[in-house]
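Notes follow once the structure below has been shown.
Nothing in this text is a laboratory measurement; each read-out follows from the coordinates by a stated rule. Given the structure is predicted, the values throughout are model-derived calculations rather than measurements. We place every Cβ from the backbone using ideal geometry, glycine too, and count neighbours over all the protein chains shown.
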Amino acid sequence: MVDRQDQVNRSRSATGSIATRGFTEDELVATVRKLLAGEAPGVRLGIGDDAALVDMGDRLGILTTDMLIEDVHFHRGTVAPRDLGYKAIAVNVSDVAAMGGSPRYGMVSLGLPRDEELGWVVELYGGVRDAAAEYGLAVVGGDTSRADRIVLSITVTGEVARNAAITRSGARPGDRLVVTGALGAAAGGLRLAEAEPDLLRRAAGTEWAKALVAAHDRPRAKVGEGQTLAQSGATAMMDLSDGLAIDLTRLCRESDVGAVVDFDRVPIAPEVHRLADVLPIDPLDLAISGGEDYELLAALPASAVGQAATKLRERFGTALTDVGEIRSDKRIVAARGGAELPLEAKGWDHFAS
C-alpha cells in the first residue's frame, strides 16, 4: 500500500506519536492485519507489504490498490488533472516494482462531485492512459459514482516468477542498505508549490524548479530497477512512498532486524539544495522524511552491491547508493560525524497529527 503527502495538513509526524484520533496509520494497518489474519487458499502474502501475492497459474500475481482523495492528497486547483491521473497509476505500479514484478492490468474507480465538468474527466483519464502506456499496463475497467469530493481509487495487478518475489521480510544482518536515484525532490516540489507567490514567480521557468515540480506531480515507478535488484540477490525491498526513515522502520520490523543509516551517504537531489537557497528547508530532512520519492530501498548482500550498481547505471541511467547496513540488534540508528543516534521514524502518516 502506498501513502502520500497531504497538502492540507502540512506538518510531518513521527509514526510513534499519538494521533488526534488515537492511532497512527501503522497501528491501524496492524489492527486490520490481525482481524483478517488466517490462511486462505492461494494466498502467499496478505496485508502488510507493498502488495499482496497470490497464486496465478505458474506465476505469482501481485495485487495492490490505492486511493487519492481531494483535500487529503491533492487540491483540485493546484494539480493538473492529467498529472493526477498519471500519478495515480504510477504510485500503484511502484508497489509492483518494489516486489520485482511486472505490471499487467489496472482498474480505475472515480467518485465525482456535481460541480466538475466532463473536460476535467477527459484530462484525468488522459493521464491514466499516458501512464498505462508507459508501463505496459492495460486498464480494463472500474467504477464511477457521485461523491461530495473527488475520490480516485486505483487497483493494479502484476506478476512475478514463482519464488522470485521480493518482500519486506527477508533482510539479513550484514546486508547492505541501498537506495535508487536521489531523494527529497518530490517533497521539494510540494514545498515549492506552497511557497509565496513572489518566490514562485522567480523560480518559474528555472530548470531546478521544473525538476522539483515534475518529481512531485509525475513520479516514475522503477519497474526495471526493481527487477534488476531482485535478479541481483535483493533479500528485501520496498518503495519509498512515505520517507526513508519511516519506510526503513517498516522494512526492519517485517524482517525482525535493525539498521544503521549513514546520513553522509544519503543521496539528495541537487535541486533540493537549490531550493534551500531560497526557502528555509533542510535538504537532508526532506530526503529522510519528505516522502513520495518512489525510489526503491533494498537490502543486498555486500558482494552484490557493486555489480547491481553497474547494471542499474548501464540499463537505466539510475544511480544506486549504499547508505547503510542491516544489523541484528533491532535498533535503527543514524550515523553522522562518527556518532550514532536513534533514527526517528518521521514521514507521512495519514492518521498522525
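Summary of computed values
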read-out: Over 16 Å [Cα-Cα, segment 243-353], rounded percent; value: 65
read-out: Rounded if a/c under 1.5, otherwise prolate or oblate - segment 139-243, Cα gyration tensor axes; value: oblate
read-out: P(r) tail fraction, segment 163-212 - alpha-carbon pairs more than 18 Å apart, %; value: 53
read-out: Order of T144, T180 - criterion: other Cβ atoms within 10 Å of each residue's Cβ, fewest first; value: T144, T180
read-out: Anisotropy class of the chain from Cα gyration tensor, a/c 1.5 cut; value: rounded
read-out: Semi-axis lengths, Å, segment 13-161, gyration tensor of Cα atoms, sqrt of 5 times eigenvalues; value: 27, 23, 13
read-out: Residue order, fewest to most beta carbons within 10 Å, for R220, R129; value: R129, R220
read-out: 28 Å Cα-Cα reach of K34 towards lysines, excluding residues that sit fewer than 8 places from it in its own chain; value: K330, K346
read-out: Between segment 98-156 and segment 204-219, the Cα center-to-center distance that results, in Å; value: 23
read-out: Ordering of 310-322, 246-258, 89-101 by packing [mean C-beta count within 10 Å, highest first]; value: 89-101, 246-258, 310-322
read-out: Selection from L343, A195, L296 lying farthest towards where the dipole of segment 176-347 points positive, charges on Cβ; value: L296
